[in-house]
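Here, each number is a calculation from the coordinates, and none is a lab measurement. Note that the structure is a prediction, hence the values are computed from the model and not measured. Quick reminder, even Gly has a Cβ in these numbers, built from the backbone with ideal geometry, and neighbours come from all protein chains shown.
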Amino acid sequence: MSWGAITTPTPVAGELVVTVQNIKYNRGKIYMAVYNRKDGFLKVKNAVATNVTKVNGNKAVIRFKNLKPGYYAIATYHDKNDDGKMNTNMFGVPTEYYGFSRDARARFSAPSFEDARIYFKGGRMNTIINLK
């Protein structure tokens, strides 16, 4: 009797659905980036997926399709004046609302990849980010 080759199932890519809540101004855009490693976290060129969505109400739903299972960290901000960048004051503190997956908090600097990382197992997963 032959058992043949034993194979491990290939992880199935899926859809990560991110709901951004606490949008204070009904104007501008929501910028979002998804990262899969700590090296280059918060550098948009290193993101595995990005999205820009026009604000329409007090929340936004953004879908990332075809993501492979693994650890990801998400960063987002509300560009309320629609100038294409995260505005800061003279000390470098953001003046526009922002958020991270797991609602990771920025203390004296942005949270780390580990602070914000979530595990995406494939299939369909929902997560919420509250802007601060």
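Using 0.36 nm per residue of separation minus the Cα-Cα distance, give me the extension gain between VAL44 and ARG107 in nm, one decimal. Extra length from VAL44 to ARG107 when fully extended: 20.6 nm. Per-residue Cβ neighbour counts within 10 Å put TYR31, TYR25 in the sequence TYR25, TYR31, beginning with the fewest. Between VAL93 and LYS54, the contour length at 0.36 nm per residue exceeds the alpha carbon distance by 11.7 nm. Would you mind checking the pairs LYS80/LYS121; LYS24/LYS68; LYS38/LYS80; LYS65/LYS121; LYS59/LYS132; LYS24/LYS85 and listing those with alpha carbons more than 23 angstrom apart? Where the Cα-Cα span goes over 23 Å, the pairs concerned are LYS80/LYS121; LYS24/LYS68; LYS38/LYS80.
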